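J.: Encoded as structure tokens, here's the structure I'll be asking about.
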Amino acid sequence: MSRELQLVRGAFPDDAALGTAVSHAILQRVASGELPETFRLGRPGRVIAFGRQDVASPGYPRAVAAARSAGFQPVERLAGGRAAPYTEGTMSFSWARADDNPARNTRLRFAETAELIRDALVSLGVDARIGEVPGEYCPGAFSVNAGSLAQSGDPRDWVDGGVTTAARLARAFGQEPSNGVEWFFPRRLSIDTNGANQLRQNGAAKLLGLRLMHLSRVDLPLYSIETSLAGGRVLLGARNFIKASRTTKAESVLVDADPKFSHLDPLIASTSKNDFLETVPGFLRRAFDAADQRR
């Protein structure tokens, strides 16, 4: 059975109190049935959200003053025990849905949300896992992390895992207005690509209005990188293209990054681990040099 889910995008980085007020209004309206299940996504800015235990502590006024002096807007959280800091690099989301017995289902919600975040990050190439990290802030069994604590140091630093870090992912796709990863990829392009995959003017190509009649005359250098998405079909197609055209293998670059790379890693992987950034500059230099020599 499908259910309605409303997406609210955006935050108020210059007015943290307003952002908290909007979250509270969404909770109230979802609980009363005025709104459907609602998912809110945004970048909050420099904020320290104090919990109820903080508010009740004698040092709370000094903590608020210290937050302001450090350039953070202080707000009081709707739930939770201790202060949670946010910066410009934070991607924040909230998920509001009606529940007749929220206290009984707390652990279930934690598990479901942790799995949702982990699966989303893994699909984008982040080496994400669920589980407590020794010495972490606010330890818990449902922490989602990518990497590990350094073996030494005081305090021990964080060592990123995988080729794409969560921080790079947040910077790439957490910009306002928030955007999804695949929304730029129109459905018609997928259909046309499938229709052209045999590189010849067959029935599918004719039906779609594709003109695949000049392959044997193509003499441009080709760059192709294989990720884990296509199961080897990208490089297979590139080699078939080279065989059927005037493009030569010597002037082309074919990079096999499967299974190391997900299909988004060429865009967002850490610079020091990015096979695309290591190989494409040389390809472009040679291609432009060859073009200049032809003139």
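J.: I'm checking my understanding of the structure. Among residues of segment 41-57 that are at pLDDT 90 or above and in a strand (DSSP E or B), which one is farthest from the chain's Cα centre (by Cα)?
T.: Once the filter is applied, the top-ranked residue is 50.
J.: Does segment 84-107 hold any residues that are without any contact (Cβ under 8 Å) to a residue 60 or more places away in the chain and either of a type in the set (Lys, Arg) or closer than 19 Å to residue 15 by Cβ (or both), and which are they?
T.: Pass one, segment 84-107, residues without any contact (Cβ under 8 Å) to a residue 60 or more places away in the chain: 84-87, 93, 95, 99-107.
Result: 84, 85, 86, 87, 93, 104, 107.
J.: Something else about it: Any idea which of (1) under 25 Å from the mean Cα position of the chain (by Cα); (2) surrounded by 13 or more Cβ atoms within 10 Å (Cβ to Cβ); (3) at pLDDT 70 or above is the one residue 178 doesn't satisfy?
T.: (3)
J.: What are the residues in segment 239-270 that are assigned to a helix (DSSP H, G or I), more than 30 Å from residue 170 (Cβ to Cβ) and touching a residue at least 12 places away in the same chain (Cβ under 8 Å), if any? Give the steps one after another, and end with the answer.
T.: So in segment 239-270, the residues assigned to a helix (DSSP H, G or I) come out as 239-244, 265-268.
Within this subset, residues satisfying the condition of being more than 30 Å from residue 170 (Cβ to Cβ) are 239-244.
Once the filter is applied, which keeps residues that are assigned to a helix (DSSP H, G or I), more than 30 Å from residue 170 (Cβ to Cβ) and touching a residue at least 12 places away in the same chain (Cβ under 8 Å), segment 239-270 yields 239, 240, 241, 242, 244.
J.: Just give me the residues in segment 228-238 being in a loop (DSSP other than H, G, I, E, B) and either modelled with pLDDT of 90 or more or touching a Leu at 6+ places or on another chain (Cβ under 8 Å) (or both), in sequence order.
T.: Residues satisfying the conditions do not exist here.
J.: Follow-up question, since we're still on this one. Can residue 38 be described as outside any loop (DSSP other than H, G, I, E, B) and not assigned by TED's automatic domain parsing to the domain that holds residue 166?
T.: Values: outside any loop (DSSP other than H, G, I, E, B): yes; not assigned by TED's automatic domain parsing to the domain that holds residue 166: yes.
So residue 38 passes the test.
J.: Looking at segment 22-35, which of its residues are surrounded by 14 or more Cβ atoms within 10 Å (Cβ to Cβ) and not in a loop (DSSP other than H, G, I, E, B)?
T.: Just the residues of segment 22-35 that are surrounded by 14 or more Cβ atoms within 10 Å (Cβ to Cβ), to begin with: 22-23, 26-27, 29-31, 35.
The answer is 22, 23, 26, 27, 29, 30, 31.
J.: Follow-up question, since we're still on this one. Cβ-Cβ under 6 Å, sequence separation 6+ or interchain: first residue in segment 113-131 and within 19 Å of residue 258 (Cα to Cα), partner assigned to a helix (DSSP H, G or I). Which pairs?
T.: 124/169; 125/265; 126/166; 126/169; 128/118; 128/121; 128/122
J.: Separate question: I need the full set of residues from segment 142-166 which are surrounded by fewer than 17 Cβ atoms within 10 Å (Cβ to Cβ) and hydrophobic (A, V, I, L, M, F, W, C), in order please.
T.: Hits for segment 142-166 are 149, 150, 158, 159.
The values are calculated or read from the model by the stated rules, or taken from the named source; none is laboratory data. Keep in mind it's a predicted model, so treat the numbers as computed, not measured. Every residue, glycine as well, gets a Cβ built from its backbone with ideal geometry; the counts of neighbours run over all protein chains shown.
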